[in-house]
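Peer 1: Below you'll find the structure I mean.
The values are calculated or read from the model by the stated rules, or taken from the named source; none is laboratory data. Because the structure is predicted, anything quoted here is derived from the model rather than measured. Glycine gets a Cβ as well: all are built from the backbone with ideal geometry, and neighbour counts include every protein chain shown. The protein model used for the area step is the full one, side chains on, heavy atoms only, and it has no ligands, DNA or RNA in it. Shrake-Rupley method; radii C 1.70, N 1.55, O 1.52, S 1.80 Å.
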Amino acid sequence: MEKFHFIGIKGAGMSALAQVLHDLGHEVRGSDIDKEVFTEFQLRDKGIEILPFDADNIVEGYTYIAGNAFKDDHIEIKKALDMGYKVVRYHKYLADFMKGFTSIAVTGAHGKTSTTGLLSHVMNGDVETTFLIGDGTGFGIKESSYFTFESCEYKRHFLSYHPDYAIITNIDFDHPDYFKDLDDVVDAFDEMASQAGKAVIAYGGDGNISRIDVDVPLYTYGIEGDYDIVASNIRFAEGGTQFDVTIGDEYRDTFKIPMFGDHHVLNSLSVIAVCYLESLNMENIKSAFLTFGGVKRRFSETYINEMVIVDDYAHHPKEIRATLETARKKYPEREIVSVFQPHTFSRTEKFLNEFAEALNGSDKTYIVDIFGSARESAGNLSSADLVELIPDATVLNDDDISLLNNHPEAVIIFMGAGDIQKYEKRFTELLS
């Protein structure tokens, strides 16, 4: 048993890794801001101590795992370094941790968390698999030989990893505060893919995938096309979606998933590809798909007063379109209302027109104030600039939350990567 202290334990990856190490029998605690964050609830459920940031937390005997959001001058990191204690950055520790497993990294501009959650659940239907998901969920199994984890491209952190398999859900320009342009993003993914030891599994419908050059086998997946793993004959079934799977021109089986939307079919194909390449029991895999309950903040639904309240992490135009597609297919007869919080000024400015086009797929759109994040406190525009581009859109302030009562029996989707949940909480309290 080792002793670990996580500096910034409420971070999504940090929370998940802390849970993994706790489950594996280590002594784990951490520190963070006092503000309540959705990632902390599973930590508390497992009895993992969460302390306020304080230099007095730094004592002898711990390995200190530091979140990437904090610089070396942070009060706890600085003291640990000054005292000569072992301090390891999150992505560096994770890179060493995975060496003891057959590892599967899930990366991509969009869909990482949903795919990692699905992969982790489905594989555990046949083989014991330790996992780390970017929604703050982690689980360590002492006897497991597999490890699935979400691998983030931001600041090229995923280049620390050398997994056996790499799933690439897509390649798209995001994080304009770091990447220069799409070519810069593609270069990062190409370098990451070259570090996979056994194979790369990638969405073949993304034109940027053709720019990936690797020495290991690269398997493409997609819907109705010239791919290595293909979904066809997609149809709605009771409570979900059903489709046929062909691998290498040979029909393999028919799968059913309890989700709606083409992006969920694509995510499932990447999972099937890994299970096929590792020769897992496909009957067990098929059964595991049926019991997948989703991941936190990805079309998470609550039913109140005949309304469907949805919490979703979508913060990029393509993610918004995917979320709205799911809503339309699952609730074709209901009004779809979006309550969107733009995340970071740089992303909002870069994709302003694309956000407007995506949100125009709602029947009604409300926009709340831009969430600045720790990296950006101000910018050159406001939510009103986005509202002007969307027909019949409205700026929604804290005092206006009752406006949402004008949509009885609607699907009201609270979308964003900041603190959009505070608006959702206020509205659900109002309904209650």
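Peer 1: Say each of residue 73 and residue 328 gets a label point 7 Å from the Cα, pointing the same way as Cα to Cβ; how far apart are those two points in nm?
Peer 2: For the pair residue 73/residue 328, the computed spacing is 4.9 nm.
Peer 1: Of 112/256; 256/329; 71/155; 180/350, which ones are farther than 18 Å apart at the Cα?
Peer 2: In this structure, 112/256 lie more than 18 Å apart at Cα.
Peer 1: So how exposed is residue 388, as accessible area in Å² (1.4 Å probe, rounded to 10)?
Peer 2: 150 Å²
Peer 1: Report the antiparallel proportion of the DSSP beta bridges in the chain as a percent, rounded to a multiple of 5.
Peer 2: Close to 30 percent.
Peer 1: Need the list of lysines near residue 46 for cross-linking: C-alpha distance under 21 angstrom, and skip anything on the same chain fewer than eight residues off.
Peer 2: Reachable lysines: 3, 10, 35, 142, 296.
Peer 1: How much accessible area does residue 71 have with a 1.4 Å probe, in Å² rounded to the nearest 10?
Peer 2: Approximately 150 Å² of residue 71 is accessible to the 1.4 Å probe.
Peer 1: What list of ³J(HN,Hα) couplings, whole Hz, do you get for segment 259-265 from phi and the Karplus terms 6.51, -1.76, 1.60, once you set θ to phi - 60° and write x for glycine and proline?
Peer 2: 9, 10, x, 4, 5, 6, 5
Peer 1: Mind ranking 200, 87 by accessible surface for me, highest first, 1.4 Å probe?
Peer 2: 87, 200
Peer 1: For segment 20-157, which whole-number percentage of the solvent-accessible area (1.4 Å probe, protein heavy atoms only) is attributable to carbon and sulfur atoms?
Peer 2: 50 percent
Peer 1: Not counting ligands, DNA or RNA, and with a 1.4 Å probe, what is residue 426's accessible surface area in Å² rounded to the nearest 10?
Peer 2: So the heavy atoms of residue 426 present about 90 Å² to solvent.
Peer 1: May I pose another question? Considering only protein heavy atoms, with the full assembly of protein chains and a 1.4 angstrom probe, order 303, 178 by accessible area, largest first.
Peer 2: Correct descending sequence by accessible area is 303, 178.
Peer 1: Turning to a different aspect of this structure: Please arrange 403, 290, 381, 17 by accessible surface area, largest first, computed with a 1.4 Å probe and ligands excluded.
Peer 2: Solvent-accessible surface, decreasing: 290, 403, 381, 17.
Peer 1: Taking the Cβ-Cβ separation of residue 304 and residue 242 as r and a Förster radius of 45 Å, what is the calculated FRET efficiency to the nearest 0.05?
Peer 2: 0.90
Peer 1: Taking all pairs of different Cα atoms in the chain, averaging 1/r and flipping that mean, what Kirkwood radius in angstroms comes out?
Peer 2: One decimal place: 22.6 Å for the Kirkwood radius.
Peer 1: Under the classification rounded if a/c is under 1.5, otherwise prolate if a/b is larger than b/c and oblate if not, where does segment 23-116 fall, given a ≥ b ≥ c as square roots of the Cα gyration tensor eigenvalues?
Peer 2: Taking the square roots of the gyration eigenvalues as a ≥ b ≥ c, segment 23-116 is prolate.
Peer 1: Tell me, what % of the accessible area of segment 251-370 is carbon and sulfur with a 1.4 angstrom probe?
Peer 2: 46 percent
Peer 1: Pop a pseudo-label 7 angstrom from the Cα along the beta-carbon direction at both residue 283 and residue 422 and give the gap in nm to one decimal.
Peer 2: Using points 7 Å along Cα→Cβ, the separation is 5.3 nm.
Peer 1: Projecting each Cα onto the charge dipole of the chain (Lys/Arg +1, Asp/Glu -1 at the beta carbon, about the Cα centre), which of 220, 81, 133 comes out farthest on the positive side?
Peer 2: 81
Peer 1: Tell me, what is the per residue accessible area of the chain in Å², probe radius 1.4 Å?
Peer 2: In whole numbers, the chain has 42 Å² accessible per residue.
Peer 1: I've got another one for you. How many nm separate the modelled label positions at residue 252 and residue 431, each set 7 Å beyond the Cα in the direction of the Cβ?
Peer 2: Once both label points are built, they end up 3.9 nm from each other.
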